[in-house]
Structures are given as C-alpha cells and as structure tokens.
1. Among the listed residues A258, A327, A276, identify the single one that is outside any loop (DSSP other than H, G, I, E, B) and of a type in the set (A, V, I, L, M, F, W, C).
2. What number of residues within region 22-58 are in a helix (DSSP H, G or I) and in contact (Cβ under 8 Å) with a residue 24 or more places away in the chain?
3. Condition first: touching a helix residue (DSSP H, G or I) at 6+ places or on another chain (Cβ under 7 Å) and within 19 Å of L128 (Cα to Cα). Now tell me which residues in region 1-34 satisfy that.
4. Could you tell me which numbered condition V253 fails, if it satisfies all but one of (1) part of a helix (DSSP H, G or I); (2) assigned by TED's automatic domain parsing to the domain that holds K202?
5. Looking at V86, V130, can you tell me which residue is in contact with a Gly (Cβ under 6 Å, 6 or more places away or on another chain), at pLDDT 95 or above and not in a helix (DSSP H, G or I)?
6. Among the numbered criteria (1) in the same structural domain as D311 (by TED's automatic domain parsing); (2) farther than 22 Å from V304 by Cβ; (3) not hydroxyl-bearing (S, T, Y), which single criterion is violated by R161?
Amino acid sequence: MKAFVVTGPRQGAVDEVPNPVAGEGQAVINVHRAGVCGTDVEFWTGEMAYLHQGHAGYPMRLGHEWCGVVSAIGTGVDLTWLGRRVTGDTMIGCGHCSRCRSGRHNVCENRVEIGIRGGAPGALAEQLAVPVAALLALPDSVDDTAGAMVEPGGNALRSVRAAALEPGDRVLVLGSGTLGLLVAEFARADGAEVHLMGRSSKSLEFAATLGFAGVWPRTELPTLPWDAVIDASNAAELPALALDLVEPGKRVVYVGLAGRPSVIDTRELVLKDVTAVGILAASQGLAGTIEHYAAGYVDARPLVAATVGLDRAGDVLAGWRPETASAGPKLHIDPRL
C-alpha cells in the first residue's frame, strides 16, 4: 500500500510499504480521511519532544486524526465490525497496569500512540491496523469530514468538562486554531458565553464568522471576569496569562503545548484558590464528541478548509494550502484521491 513516510526533519515521501495484517484483537481500516495537526508538523520539523526523549524516531508514519471503514479483522474480533465506519483512540495502553485498569490508559507509562509514539504507524496511509478495543463506530449522521475531527474534538470536550462550566458562565479560550475553536464550540454547546483570544488576524477573522460572544487580539482583550480560562495555544507565555486573568476560586485548563517550557507563579495559583487542570489526549472524550456531532450540537466541518490527496502530505506539513481552500484552519488528507 501507499503511505507517507517521514525519514528525517523536513524529509519524507509517499512510499510503498507492506499492507497491515490484522493480528489478534485487531482490525485493518481503509482510511478515508486523516487530519494534519500541529503535533504532526512538529515531527516534520524535528522539534517534537518525543524525538528527543526516545519515545519516537525516524522513519515514522504520522496521522492520529482519522476515520475509515473496517476491511479486515483478526482472531477474536466480532464479525459485525467488518464494513463499519469507525474512528479510534490514539492512545493504546498496555491494558494491565493500574492506570489502564482505572481508565487512564492515556497516561500509561508503556503506551503507544498511533502515528506519534512507540513506532505505531499512523493514518497518512491507505490502511491502518488498530486494536478493536480502541475503535468507535460512527453513525451515518457523522460524515467523513466530521469523523476525522473526532480526535481533536475529544481533546476539546475534555477541556470544557475540566473547566466545570455552568450555563451562563463566561469562558475565555486562548488560541484561535483548530483546538481553540473546537473548545469554544463545545463550551458554547454547554451554554457558556464564549470569548476567544488569538494572534493571527486571519484566524481571528475566521473565528469571528462563527458567532462567538467575542473574538479578540491580545491588545484589545476586555477586562471582564472570566469564570474559566482554557489555554489551547502553543505560546509559552499564555499559561501565566491564563492564571492572571481567571477569577479567584475558578479554573484554568491547559490543553495546548508550547515548544519551550512555560512558567507560572504558583503563589498566584494558591492565593487565588485556582484549580489548574492539564489535559492529555482525547480518549475519555471521544464517545461524547461523536454524540455531540451526531446530534448537531457541535459542527466541526466548517473548520476543515480543504481535502487533498496523500501525494500532497509533505506539502501540507510544510505549510502549503491549496488556492481553493476555505478560511478554516484544518487540512485533511484522503488517501483514496
């Protein structure tokens, strides 16, 4: 089959690789869509921390936001999975440790992450092998575009849940990229008054079309009481700003990752009696995201600007956008094109 293989920083190409075989408890997926996200770009540039911590290495196959159809199953797998439209969890825990047994497989010490960690091949390919335990079925009301947005949506939903918002609460989302916009959409679906702060004028212009209560550059952010601040950016200075802005006794949620260490003053955290929550992965939010998409509470599809073939994967990772792309922040790959 064809797969996009990254062989080094800013080096990669579509290559012929062996078709995956479904082992015990596994399914092979014919990939219909795969999203490209900031983590993929960090692997492409060589900046991703896992490369320097020994959790990942070249050559590697990216792609952890995906959907497709089950085309083959291994032993021990129910036949009803064949032909089903699915998406899946990125985080594959060992299944035996206390973290996995308590539902925290996303932080299992020995986990692999599809397309990210431990050599697990990703979805920038025609096919992908996944443990059936990690699969989630997609209803007909969640099309392929939305299906490949379930994984980032799961991160956003978990972030909103961590903010413990009540209807009518005012929340500030830092970051106007895909993750920040999804966080804002899920917060609005929960009845919150949603504001976004971003840096790029183009991203702010697009965010303004989505009907949130406020969309602001940092220099124009109003002085308002924020019941929660959710940092979905990659700016190292914004975690401290989130803590500075949030109301005492309320919550800050950190789901974005900066390329260098962030610093916060824990004295302020204590003296403001603030709860700070970190979010890693979509795992516990995937099912809820599918429910929100299926019911129409959140529509992630306007965020997808264009879908291109696997042959353009390297260009997308390098920052290329097709001339026909809409204003949304996300690009999808369809290996069938």
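The values are calculated or read from the model by the stated rules, or taken from the named source; none is laboratory data. Everything numeric in this text was worked out from a predicted model, so none of it was measured. Positions of Cβ are generated from backbone atoms using ideal geometry, with glycine treated the same way; all protein chains shown enter the neighbour counts.
1. Exactly one residue qualifies, and that residue is A276.
2. 9
3. K2, F4, V6, G12, A13, V14, G25, Q26, A27, H32, R33
4. That leaves (1) as the condition not met.
5. One residue alone meets the criteria, V130.
6. (1)
Residue by residue, here is whether (1) in contact with a His (Cβ under 8 Å, 6 or more places away or on another chain); (2) under 12 Å from A281 (Cβ atoms); (3) charged (D, E, K, R) holds:
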position: G68; (1), (2), (3): yes, no, no
position: G76; (1), (2), (3): no, no, no
position: T80; (1), (2), (3): no, no, no
position: G83; (1), (2), (3): no, no, no
position: M91; (1), (2), (3): yes, yes, no
position: E113; (1), (2), (3): yes, yes, yes
position: A133; (1), (2), (3): no, no, no
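Condition check ((1) touching a residue at least 60 places away in the same chain (Cβ under 8 Å); (2) surrounded by fewer than 24 Cβ atoms within 10 Å (Cβ to Cβ); (3) at positive phi) across all residues:
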site: L135; (1), (2), (3): yes, yes, no
site: D143; (1), (2), (3): yes, yes, no
site: G153; (1), (2), (3): yes, no, no
site: A164; (1), (2), (3): yes, yes, yes
site: L172; (1), (2), (3): yes, no, no
site: L182; (1), (2), (3): yes, no, no
